Amino acid sequence: MTGVFSRRIEAAITGFIRRRTPIRSTPMTIGRRRLYILPTRSGAIFAVLLVVMLLGATNYSNSLGFALTFWLAAIALVSMHHAHRNLLGLVLTRVSAAPVFAGGHARFTITLDNTARRARRGVRISAPGIEGEDLAAVIAPGGRVDLQLSVPAARRGHLACPRLRVETIVPLGLFRAWSWLAPSAQTLVYPQPVGPRPRPAPADDGDAATPAPARGNDEFLGHRPYIRGDSLREIDWKASARTDGLLVHEHTRRSANTLWLDYAHAGARDPEARLSQLARWVLDAERDGLTYGLRLPGTTLTPDAGRGHREACLRALALL
Amino acid sequence: MSRAATTASWPPAPARGQRLRLTGCLALVALPHLFHLPPWVSAIAATLLVWQAQAAWRSRPLPGRLIRFALAAAALGSVLAGFGRISGQEAGVSLLVMLLALKLCEIRSHRDAMVFLSLTAFLLITQFLFSQSLAMAVYLVIGTWLITAAFIDVSSEIAPTGAFTHSARLLLQALPVAALLFVLFPRVPGPLWGLPSDAGARATTGLSERMSPGSISSLATSDAVALRVRFPDGDMPPAPARYWRGPVFWDFDDGTWRGSPAADALPAADIRPVADAIVRADITLEATRHPWLIALDVPLGTDHRSRMSPGATLHAEDDIDERIRYHARSALAYRLDPQLGSAARERATRLPAGGNPRARATARRWRAQADTPQGIVDRALTHFREHPFHYTLSPARTGRDSSIDDFLFETREGFCEHYAGAFTFLMRAAGVPARVVTGYQGGERALVGDYWVVRNSDAHAWSEVWLDGRGWVRVDPTAAVAPGRIEAGVAGSLSDSQALPYMARADDGAWYRMQMLWDGVNAAWNRWFLAYGPQQQQRLLERIGLGGLRGALVALTFGVAVLLGLLSLWLGWRMRQRRTADPVTRQWQRVCDRLAAMGYPRARHEGPQAYGARVARARPDLADELGAIVAGYIRLCYAANPGSADTQAFVARAAAFDPRRPRKPRD
């Protein structure tokens, strides 16, 4: 009976908070309307002791007892105000996280800015259901801190930043002030790079005759004079300024052979397993310095090499 | 993704420095208790504190459960053995001090530290049961400052010096709120429950319910203030009229005067004041642990609930266990009991069957010689005046059964109780109704403030005789021997004034003036702060036009209190539910705690996998077992519907995990 009742109340409270925590883009400021405050359990124990002290002072008509009791109560009340102020106006400036592979943890970096003229202390960030937390011991007036929160990346695709709980018990530990923030930030989760199949060998077909255009990520060899047809982006203007003619970067030539990584040939029936296999192959191909292309249902990435290409492939795998 | 985040590791448990500072905080708050607790309690508490300070200094681990339990039982046992109980002020405070010192041994979490500090605040308040002097107010400020700083120290990420300044700021900011609460928070008259029998045990010097040789002269050596008086309409009456009436003794036996008859045994005194001789006095009486309300002789009534005894003493309904303030009306000229009932007359002339034959014979001779009772009185006073009687604080000893004879005819030295006792005896032996009255005589003007101070050293005893047509008449035989006693106080009449306390000596050096100044400050403290209670609050509210508000204030306060109480009960019950709901999280937390104890604490942002991997790199011997636990934990956390078998397996594995004794790797 009470169980049902309390569960309903709890659900109502959660719903209320959720409605009041709309997903927003950063920066966002902790305002009065979304800042909650309640006694901690230690605060409740302290309150009970204050009541006992009040009864004792009344029983003995002890004026110093009354003075102490009321002073402690007033201190607790003022500390509640301090806890509230410690979070009020705190700015969540940015939330970002580098992409990760499924099965790992996305490390969200949460940047907090203190625009106030007072220092803020003991600001803790956590997220419900997420183990791990981070604490800013002090944020100087006008200062900034980066807090880290590791969020498990279970499945490939987009991983949204969880609802964040920003809280503090400063100064006395008797009251906990907290706010819920739901930044719209997200990161990519690539498929877990696992698969039983060995990387296919590069096919020496006609396409391979055309060398892949060299890109900035290849190994830098030196400069050579500009010849017509070179891309303008290859010109090294700084180096050219020191000579008469224009100079362009020269890079290593990649293997002439192109590797096609094809969804259709990635083995397992389970599409997730196939994507994992493809991710494994992408990593291997990049490691081995190959030029590789990716054929997915509905998408094809033309053969290329380099870090940017690898990320593009993984991204395609993540979002398929 | 539905598992609640673990918060058991936050806020963090107190570190070494914090443990040391908590120990110091308790030591300082407990310090004033050492002066009035039995030495053995102080010794035990000090030993425990030093032990804990040392353990914290050397970062020694906390003692095990068995040791803590044994120590707590020993503390309880020692209090039981020492006091015979664990309730009551002294026993309770002794137990609290010792258990708080022991609590230091088991501060493992932030909440432990918080509970410890709340109880330390409670220890602070118990000090005020023993004293409420101005020095205690200073102690209150320092103690509150220390405790608040310690709260900040364990809860805010701040350096200890910062905690002190922050605490000072908090105290100042809270002061206006506290003052408002002190003045306006609805006060209910106490006591709510019985006072322990040793309440106010320190304040037992004062008038007694019996009078034997030595009982008042022992008071004469006490400087303590008995009462302070303010005269709203005028000034203190002249010295010969400064008699403060206390208990009256009717019965004499074994050399001791005692026994104020109950109201049902004799009718209450019938006082007929002379109209223009009524004096109003505003009296602040120190705690006496007796019900008498002291007032100028003879009292007519007070605004405090009281009744008039047959001996014309005002009796409050209960013992005066704390300093009280009341307005008393007295008549300096009066007729007391113009008619004496036969029962009262019988009681006022009763003497024991035998003893003191010489005194009896003398009284019979006087009676035969004098024509009237007044003549007998005069004859007795002449006897005291003409014989070499000495007024002294240290008279020679007299026999118990022959105390009157010895005093009257042999030693002839004594203090007021000797003179009053002997005179009353003589009157009774001569058939004149007489009784002994005790109280105070005199008083001195305070240097600061418009009031007078009466001290224990002003305690006095005199006689009353009943004369036909005049009623009870005060006769002070001490005045016959040492007239200076009445005019100038004890010091004016004693030959050995060195035996008197400093304040009772007739001397007005700088020290004396400083003392009187200090007494003025104390009197203001008593009048404005300590005496503030329900009545003063009501008066204040009436003065600012909010007299009718008190009822509403009381109702509102208690309504809100009940509501808050119910709410916190519900919240507490819910939190309990949540805590026991999740064995998986709890076991994982245990594993983390154990690893942290081995020197591998989990970083705040570290997920289970990263943490497990880091520990496994550092301790390859744990890798297998830890890997299995981490894998199981992650599976249970993120699985859509974890099976109960999985949960049980994880809980069993995690519970068995002991990084100090890793299992042999299976090969």
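Just so you know, all these numbers are worked out from the coordinates, no wet-lab data involved. What you see is a predicted model; the values in this text were computed from it and never measured. Please note: Cβ atoms are built from the backbone with ideal geometry, for glycine as well, and neighbour counts cover all protein chains shown.
Which shape class, rounded, prolate or oblate, goes with segment B:203-515 when its Cα gyration tensor gives a ≥ b ≥ c as root eigenvalues, a/c under 1.5 marks rounded, and past that a/b bigger than b/c marks prolate?
Values: a/c = 1.69, a/b = 1.22, b/c = 1.39.
Verdict is oblate for segment B:203-515.
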- Percent relative contact order for segment B:296-449, counting Cα pairs under 8 Å at least six residues apart, stands at 21
- Message: Let me spell out the model: positive unit charges on the Cβ of Lys and Arg, negative unit charges on the Cβ of Asp and Glu, origin at the Cα centre of chain B. What dipole size does that give, in debye rounded to 20?
- Response: 3360
- Query: From the residues A:TYR190, A:LEU64, A:VAL52, which one has its Cα farthest along the dipole of the protein assembly as shown in the positive direction, the dipole being from +1 and -1 charges on Cβ of Lys/Arg and Asp/Glu about the Cα centre?
  - Reply: A:TYR190
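Based on DSSP, what percent of beta bridges with both residues in chain B are antiparallel, to the nearest 5? Intermediate values should be presented prior to the final figure.
On the way: 53 of 56 bridges.
Bridges in chain B that DSSP calls antiparallel: roughly 95 percent.
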- Message: Test of the criteria: in segment B:305-382, which GluC sites (Glu not before Pro) are in a DSSP loop and have at most 11 other Cβ atoms within 10 angstrom of their Cβ?
- Response: B:GLU317
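Exposure proxy check: B:ILE544, B:ILE142, A:ILE139 ranked by fewest other beta carbons within 10 Å?
Values: B:ILE544 8, B:ILE142 14, A:ILE139 21.
Ordered by Cβ neighbours within 10 Å, fewest first: B:ILE544, B:ILE142, A:ILE139.
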- Using only the alpha carbon atoms of segment B:582-656, find the Kirkwood hydrodynamic radius as the inverse mean reciprocal pair distance, in angstroms to one decimal. 12.5
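Work out, in µm²/s and without decimals, the Stokes-Einstein translational diffusion coefficient of segment B:16-184 at 10 °C, 1.306 mPa s, Rh from Kirkwood over C-alpha pairs.
Using the Kirkwood radius from Cα pairs, D works out to 94 µm²/s.
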- Query: How far apart, in nm, are the 7 Å Cα→Cβ label points at A:ALA201 and B:GLN374?
  - Reply: 15.0
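Assuming R0 = 22 Å, what is the FRET efficiency of B:THR161 and B:ALA15, from their Cβ-Cβ distance, to the nearest 0.05?
On the way: r = 16 Å, r/R0 = 0.74.
The calculated FRET efficiency here is 0.85.
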- Query: Under the rule of -39500 (n - 2.57) per DSSP H run of 4 or more residues, summed and divided by the residues of chain B, what mean residue ellipticity at 222 nm is obtained, to the nearest 500 deg cm²/dmol?
  - Reply: -15000 deg cm²/dmol
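Using Cα pairs under 8 angstrom and six or more residues apart, how large is the relative contact order of segment B:203-515, in percent?
Details: 684 pairs, mean separation 72.9, N = 313.
After rounding, I find 23 percent.
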- Where both partners of a DSSP beta bridge lie in the protein assembly as shown, what percent of those bridges are antiparallel, to the nearest 5? 90
- B:ASP450 to B:ALA561: FRET efficiency via 1/(1 + (r/R0)^6), r the Cβ-Cβ distance, R0 30 Å, to the nearest 0.05? 0.15
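Hey, could you get me the Stokes-Einstein D for segment A:51-156, Kirkwood radius over alpha-carbon pairs, 20 °C and 1.002 mPa s, rounded to whole µm² s⁻¹? Walk me through the numbers on the way to the answer.
On the way: Rh = 17.0 Å.
So the translational diffusion coefficient is about 126 µm²/s.
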- Message: With unit charges on the beta carbons (Lys and Arg positive, Asp and Glu negative) and the dipole taken about the Cα centre of chain B, which residue among B:LEU381, B:PHE83, B:SER403 sits farthest to the positive side?
- Response: B:PHE83
- In the protein assembly as shown, with Lys and Arg counted as +1 and Asp and Glu as -1 at Cβ, which of these residues, B:LEU332, B:SER109, B:ALA224, has the Cα nearest the positive end of the dipole, that is, farthest along it? B:SER109
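Shielding by partners for B:167-173, please: the mean number of other protein chain Cβ atoms within 10 Å of each residue's Cβ. Write down the numbers at each step before the final one.
On the way: counts 3, 0, 3, 8, 4, 1, 7.
Mean shielding by partner chains, rounded to a whole number: 4.
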- Taking the Cα centre of the protein assembly as shown as origin, work out the dipole magnitude from +1 charges on Lys and Arg Cβ and -1 charges on Asp and Glu Cβ, in debye rounded to 20. 3600
- Query: Based on the Kirkwood radius over alpha-carbon pairs, what value in µm²/s does the Stokes-Einstein equation return for the translational diffusion coefficient of segment B:345-479 at 10 °C and 1.306 mPa s?
  - Reply: 100
- Note on the structure: Expected unfolding gain across B:LEU540-B:PHE231 under the 0.36 nm per residue rule, minus the alpha-carbon gap, is 109.1 nm
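If R0 is 41 Å, what FRET efficiency do you get for B:ALA72 and B:ARG586 from their C-beta distance, rounded to 0.05? Kindly include the intermediate steps, with their values, before the conclusion.
Numbers: r = 26 Å, r/R0 = 0.64.
Efficiency, rounded to the nearest 0.05: 0.95.
Taking 0.36 nm per residue of separation and subtracting the Cα-Cα distance, what length does fully extending B:PHE409 through B:SER131 add?
Values: separation 278, 0.36 × 278 = 100.08 nm, distance 4.62 nm.
In short, 95.5 nm is gained.
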- Note on chain B: helices (DSSP H) long enough, at least 30 Å by alpha carbon along their axis, and hydrophobic enough, mean Kyte-Doolittle at least 0.0, are B:134-155, B:160-184, B:549-581
- Any idea how far apart B:ARG350 and A:THR109 come out in nm if each label point goes 7 Å out from Cα toward Cβ? 9.9
- Message: Suppose we keep just the alpha-carbon trace of segment B:409-483; what are its Rg and Dmax in angstrom?
- Response: 15.1, 49
- Query: If one computes P(r) from the Cα atoms of chain B, what percent of pairs lie at distances over 50 Å?
  - Reply: 36
- Message: Once you place label points 7 Å from the Cα toward the Cβ at A:ARG117 and B:ALA652, how far apart are they in nm?
- Response: 6.5
- About its Cα centre, how strong a charge dipole does segment B:245-350 have in debye, to the nearest 20, once Lys and Arg get +1 and Asp and Glu get -1 at the Cβ? 320
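Which whole-number percent gives the relative contact order of chain B, counting Cα pairs below 8 Å spaced six or more residues apart?
On the way: 957 pairs, mean separation 76.1, N = 667.
Across chain B, relative contact order equals 11 percent.
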- Item | Solvent-free Debye scattering, log10 I(q)/I(0), computed from the Cα coordinates of the protein assembly as shown at q = 0.08 Å⁻¹ | -0.93
- Enumerate the residues in segment A:285-301 having an amide nitrogen under 20 Å from the point lying 7 Å beyond the Cα of A:ASP262 toward its Cβ. A:285-286, A:290-301
